[in-house]
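Read the structure below first, then the notes.
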Amino acid sequence: MEQTNPPALSQTVSVTFENDDVCTIMAVSDAGIHENCLTGYVSDKSSGKPIEDACIKLTDNALNSISQGYTDSKGHFSVPAGSATSCRILVAKKGYCTYTSELLNLACIGKKGVDIALMPAESEGIVLFGCVRDYLRKPAQGVRVTLSRTDKSRREESTMTNAEGYFLFDGLEQGTYRITCESPAHETYSRVFQPVPENPVYILETIYLKRKELKGTVFGVITDSHDMPVPNAVVVLFSGDNVPLQVTRTNEKGVYMFYNLEMGTYKIMAK
């Protein structure tokens, strides 16, 4: 462990002819006596090499934060524990599994410190992150997002966007994927992409959905002069400017229906 230099104390002393033989005594104490610090060493469990810049977090037993610090170039750390008499240690470093200790009694540890060995994390593939927005460029919540491999080597997966329009997939391997977004109020969106294996999180460009064009129906009952239904009557649908568009016949109850119509004004003629 590296030694911590004690703090330098300063004091002004006036020396005159009358007191030039006065000696002022100044006490310099060890910084560790007055500051409750937890010291330790973090290394790679596989290689034994020190790990630099690992984040050290001290918490109480309920994981409420006390303080934090980082390891130096030699893997050593010294983190103040304040007035705490016990704590838990959390250690995190990119590429390693997060370490969490049990509740430790600081008095029992004393100046000997703690040695922590981090296990290298196994690669679990690429994380895909994306955002879906509607035609007004607002977050699109509840959109079904489906991910599939174009070569069918991975089973199809689906998720839903949250209130902010975000979605996540994990465990992706290098390859070509198709992503599809479906919503009752929007046109289906689909595209092909290839995640970059060097990036642990691949961020898709924001997906903007187009509003689905609303379609309508025109339906009714054809009756005779006695208000009786007319079966098998010919019904023609015209546009607002009298252009014939569709033709159908009534059923046995005199009912007809035209569907999948654009918004607008229509006329009908029956015989």
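Tabulated data
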read-out: In sequence order, calculated HN-Hα J values of the range 112-123 (Karplus, 6.51, -1.76, 1.60; Hz; x Gly/Pro); value: 5, x, 10, 9, 10, 10, 8, 8, x, 7, 6, 5
read-out: Whole-Hz ³J(HN,Hα) from phi, Karplus 6.51 cos²θ - 1.76 cosθ + 1.60, for the range 61-69, glycine and proline x; value: 5, 8, 6, 7, 5, 10, 6, 8, x
read-out: Range in the chain, longest, excluding exposed chymotrypsin sites (Phe, Trp or Tyr not before Pro) [loop by DSSP; at most 15 other beta-carbon atoms within 10 Å]; value: 136-271
read-out: Ser101-Asp170 FRET efficiency (beta carbon distance; Förster radius 35 Å; 0.05 resolution); value: 0.80
read-out: Those residues of the range 127-171 whose amide nitrogen sits under 16 Å from the label point placed on Glu182, 7 Å along Cα→Cβ; value: 142-149, 156-161
read-out: Distance from the range 214-234 to the range 126-183 (C-alpha centre basis), Å; value: 46 Å
read-out: Helical mean residue ellipticity (222 nm; -39500 (n - 2.57) per DSSP H run of 4+; nearest 500) of the chain; value: -500 deg cm²/dmol
read-out: Pairs from Lys57/Lys112; Lys210/Lys267; Lys212/Lys253; Lys152/Lys212; Lys57/Lys138; Lys45/Lys112 whose Cα-Cα separation, in the structure shown, is over 27 Å; value: Lys210/Lys267; Lys212/Lys253; Lys152/Lys212; Lys57/Lys138
read-out: For P(r) over Cα pairs in 10 Å bins from 0, in percent, calculated from these coordinates, the label among [x] 7, 32, 38, 19, 3, 0; [y] 5, 16, 13, 13, 15, 10, 6, 7, 7, 4, 2, 1, 1, 0; [z] 7, 28, 32, 26, 7, 0; value: [y]
read-out: Tyr96 long-range amide H proximity, modeled H, under 5 Å; value: Ala121
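The numbers here are math on the coordinates, done by the rules we state, and not lab data. Predicted model only: the values in this text are computed from it and were never measured. Reconstructed Cβ throughout: ideal geometry from the backbone, glycine too, with neighbour counts over all protein chains shown.
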